[in-house]
Amino acid sequence: MLARYAFAAITAFLAASSASAIARGFPQRSGSTPAARKEIRAIYTATPPVLDGRLTDPAWQDAAVVDDLHMVVPNEYAPPSEPSRIYILYDANTLYFAARFRDSEPDKVTANVMRQGDQSEGEDAFSIMLDPFNQGRNGYVFKINPNGVRSQAFYTNVRDLNWSWQGIWRGAAARDGDGWTAEVAIPFKTLSFNPDNDAWGLNFTRWLGRRHERFGWVSHNHTQNPANSGQLAGLVGIEQGFGLDIVPGVSMSGVRNYTDGLTDTGLEPSVDVFYKVTPAMTAALTVHPDFSGTSVDTRRINLTRFDLFFPEQRKFFLQDADIFAFGAIEEEGPMPFFSRRIGLAASGEALDIDVGAKLTGRAGGFDIGVLDIRQETPDHRGTRSLLVARVAKNVLSESSVGMIVTKGDPISNLDNALAGVDFRYLNTRIGNNRTIIGSAWYQQSDTEGLHGNDAAMGIALELPSEEGWRAELEWREVQPNYYPALGFVDRTDVHESELELGYAWRPLGSRIRSVATNVEFTRVEKIGGDVESRNVEFTVLELENHAADDLELSYLMERERLTEPFEISKGVVIPPGDYAFNSYCVELATGEQRVLASGSFACDGDFYGGRRRSAGSDLIWRPNPHYQFGLGFEWNDIDLPAGSFITRLANLRADVAFTATWYWENFVQYDNVSDSIGINSILRWVPEAGRETVLVLNRQFEDFDGGHHFRSTYAELTFKLGYTLRF
């Protein structure tokens with residue numbers, strides 16, 4: 001009862017909060033953000049520029065100009081160490097940007113990546129943030145490096161970026177004796193927007209890789225996101241044509257199962273259709289979607305009692321995925337909707353999707369999302385429908401309130417439905433360069449055969465900061481019969497509380513760029529019962545230098561209460577009991593601008609009445625932009641009263657970019673838990689965004705006798721063509 005009163009009280013506080021209700025805030029560094037929001041008016045052009053990356057087109061002479069970038073990292077609001085000049089044009093169909101980035105050492109411009117969609121934090125780059133609805137919560141990012149390599153993302157929950165999204169746009173870049181230049185063309189067909197609004201949220205970022213510096217147009221507390229941006233005004237007369245994208249595709253595949261000796265070949269056509277019902281609303285249809293070109297998941301070894309979370313990577317489900325975001329809930333859940341559950345059986349086996357329809361966008365101040373999927377049942381005897389509907393309304397100045405409904409269970413034939421409501425609070429106007437983020441949500445599931453105790457609820461309040469004090473408080477309750485069949489949750493029948501407090505200091509004139517410390521407390525207890533987990537993690541010290549090398553020392557105190565036996569490894573069973581154990585870790589990472597970059601860790605300490613020693617490392621070698629090699633491993637040596645075992649996980653990556661449009665990706669993974677080796681090899685030709693030819697080879701080998709005699713169990717070769725037709 002007390003928890004429910006607390007839930008209601010904090011919800012009311014979040015809804016009623018305003019800038020005048022917040023205390024005076026926190027001290028800040030010298031310098032301050034402009035009192036008025038920055039604004040630039042776009043210039044219309046009747047003759048669009050030709051994109052070659054060189055800025056020689058006469059159209060740029062009449063463009064709007066932005067040249068007042070400031071330093072964001074390391075010393076916010078200081079003058080940038082190198083000058084930048086950005087140009088803006090538009091016509092009825094496209095938004096154009098160009099940039100001249102001068103560099104006092106042009107031969108040291110860093111561009112490590114040549115594969116489209118890839119990126120590195122340690123290279124020079126230029127990014128554009130667009131918030132077409134000017135709401136401060138969502139938006140797009142378009143990024144290009146000096147090699148002309150494009151990557152793109154969309155924002156969810158104000159700050160989180162999803163780089164798996166693939167929008168259609170063009171870009172080119174070139175180097176010269178003064179530094180480098182870039183040109184970008186973003187079709188309005190690629191974006192969702194309200195044609196009645198002539199002002200969009202806008203921001204720019206320039207990365208200077210070798211010095212690990214970042215310059216921006218607008219920033220707050222060393223961060224840039226839709227909540228702190230400038231404004232692009234004067235966008236009138238823009239249109240999206242007929243607003244129709246048709247993406248026909250065909251894949252030819254051959255599969256060989258060596259275990260049962262079966263071979264199968266097939267030719268599978270597919271089609272995706274995207275239609276702009278309005279510039280702000282998109283209807284999408286997919287028929288027999290083919291996800292064969294999607295990158296495979298990176299393997300992880302699970303030493304906990306709970307499921308691991310793997311992010312969505314499939315294009316159809318990523319389109320407008322921010323619309324379905326609920327309650328600012330993170331990976332551990334409980335998420336009412338997680339699209340990764342669609343098209344997969346409980347065993348991980350892929351299930352065919354016959355057809356899918358989606359309607360997403362914004363209308364009348366509402367965010368609207370509806371998804372309907374018809375997929376194969378887990379028993380392969382028929383199909384069933386899966387439905388998700390989401391609506392949210394903007395309230396106050398930067399917040400939203402909404403609801404979500406799901407129906408259907410992708411991994412069983414049981415009936416399941418869920419309904420939830422959420423309130424997401426945002427206030428970037430409390431003064432002293434601070435932001436408050438909050439959320440409150442409630443969900444209830446309805447599952448065949450389960451009755452009562454099927455709700456989940458939570459509240460969260462956060463004061464984020466890249467400098468000075470930061471804090472976060474979160475509480476949630478997940479009842480024992482709560483089951484989000486189309487969502488994700490790692491544990492039920494619990495109350496969970498989290499408290500985090502940290503401080504970051506950026507000393508000026510020092511070889512150390514930042515010094516940080518942090519403590520995070522997590523307590524999980526059974527509803528009406530005892531403590532199930534209690535963790536206290538101290539980041540004792542984290543140091544970062546100006547080359548982005550990072551050293552972190554941490555200490556972890558854990559308590560786990562087992563009410564039933566836990567088989568942590570084959571034949572090793574931890575008996576029920578109350579376990580308390582401590583450990584410490586050292587982590588060291590180098591800046592990604594280095595030819596050879598690495599991230600490594602080592603941990604040692606108690607573990608369930610025994611001892612656990614862990615180590616791991618990821619090495620990336622980029623001898624030049626055409627080649628990238630990666631080697632990663634993770635090792636756990638665990639000695640318990642119930643038995644001892646060692647886990648090993650290793651992966652090898654070898655990517656070759658013949659050009660910026662033709663590249664070959666190779667990924668090999670091994671772990672001794674499944675005793676298997678997986679090979680994923682993809683040859684891609686992407687002459688331009690929206691066109692792709694892919695050849696994919698997947699192989700699986702297993703060690704059946706434990707003697708490292710690996711035998712082939714599975715092989716698949718797929719050739720896929722896809723082409724986007726825009727009308």
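Things worth noting here:
- The test for being farther than 30 Å from Gly431 by Cα, in contact (Cβ under 8 Å) with a residue 12 or more places away in the chain and either touching a helix residue (DSSP H, G or I) at 6+ places or on another chain (Cβ under 6 Å) or not small (Gly, Ala, Ser) (or both) holds for Asp245.
- Where strands (runs of 3 or more DSSP E) fall entirely within segment 124-213, those with at least 2 residues that are closer than 21 Å to Glu239 by Cβ are at 125-131, 140-144, 179-187, 200-208.
- Complete set of residues in segment 379-433 that are of a type in the set (D, E, K, R) and either surrounded by fewer than 17 Cβ atoms within 10 Å (Cβ to Cβ) or more than 24 Å from Asn453 (Cα to Cα) (or both): Asp379, Arg381, Arg384, Lys393, Glu398, Asp415, Arg424, Arg429
- Options Leu359, Leu371: the member that is open to solvent by 50 Å² or more (accessible area, probe 1.4 Å), at pLDDT 95 or above, within 24 Å of the chain's Cα centre (by Cα) and of a type outside the set (Ser, Thr, Tyr): Leu359
- So Leu208, is it closer than 28 Å to Gly591 by Cβ and either among the aliphatic types (A, V, I, L, M) or buried (at least 21 other Cβ atoms within 10 Å of the Cβ) (or both): yes
- Subset of segment 480-506 (residues that are among the charged types (D, E, K, R) and outside any loop (DSSP other than H, G, I, E, B)): Glu496, Glu498, Glu500
- Check on Arg648, open to solvent by 20 Å² or more (accessible area, probe 1.4 Å) and either closer than 22 Å to Ile301 by Cβ or touching a Cys at 6+ places or on another chain (Cβ under 6 Å) (or both): yes
- Pairs where the first residue, in segment 76-93, is touching a residue at least 60 places away in the same chain (Cβ under 8 Å) and within 12 Å of Arg214 (Cβ to Cβ) and the second is open to solvent by less than 50 Å² (accessible area, probe 1.4 Å) and of a type in the set (Gly, Ala, Ser), C-beta under 7 Å, 6+ apart: Glu76/Gly31; Glu76/Ser219; Ser84/Ala99
- From the list Glu268, Glu239, the lone residue that is open to solvent by 50 Å² or more (accessible area, probe 1.4 Å) and over 29 Å from Leu351 (Cβ atoms) is Glu239.
- Of all residues in segment 402-444, those satisfying the criterion of being within 19 Å of Ser339 (Cα to Cα) and touching a helix residue (DSSP H, G or I) at 6+ places or on another chain (Cβ under 8 Å) are Ile404, Pro410, Ile411.
- Odd one out for Leu695, checked against (1) farther than 30 Å from Lys276 by Cα; (2) at pLDDT below 95; (3) open to solvent by 50 Å² or more (accessible area, probe 1.4 Å); (4) in contact with a strand residue (DSSP E or B) (Cβ under 7 Å, 6 or more places away or on another chain): (2)
Every residue, every condition in (1) basic (Lys, Arg); (2) touching a strand residue (DSSP E or B) at 6+ places or on another chain (Cβ under 6 Å); (3) free of Cβ contacts under 8 Å to residues at least 24 places away in the same chain, yes or no:
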| residue | (1), (2), (3) |
| --- | --- |
| Ala597 | no, yes, no |
| Gly610 | no, yes, no |
| Arg622 | yes, yes, no |
| Leu631 | no, yes, yes |
| Trp635 | no, yes, yes |
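- Apart from one condition, Ile436 fits all of (1) among the aliphatic types (A, V, I, L, M); (2) buried (at least 21 other Cβ atoms within 10 Å of the Cβ); (3) within 26 Å of Leu499 (Cα to Cα); the exception is (2).
The values are calculated or read from the model by the stated rules, or taken from the named source; none is laboratory data. Fair warning: this is a prediction, and the values are worked out from it, not measured in the lab. Using ideal geometry, Cβ is built from the backbone for each residue, glycine included, and neighbour counts are taken over all protein chains shown. Surface areas here come from the heavy atoms of the whole protein model, side chains and all, with no ligands, DNA or RNA. Shrake-Rupley method; radii C 1.70, N 1.55, O 1.52, S 1.80 Å.
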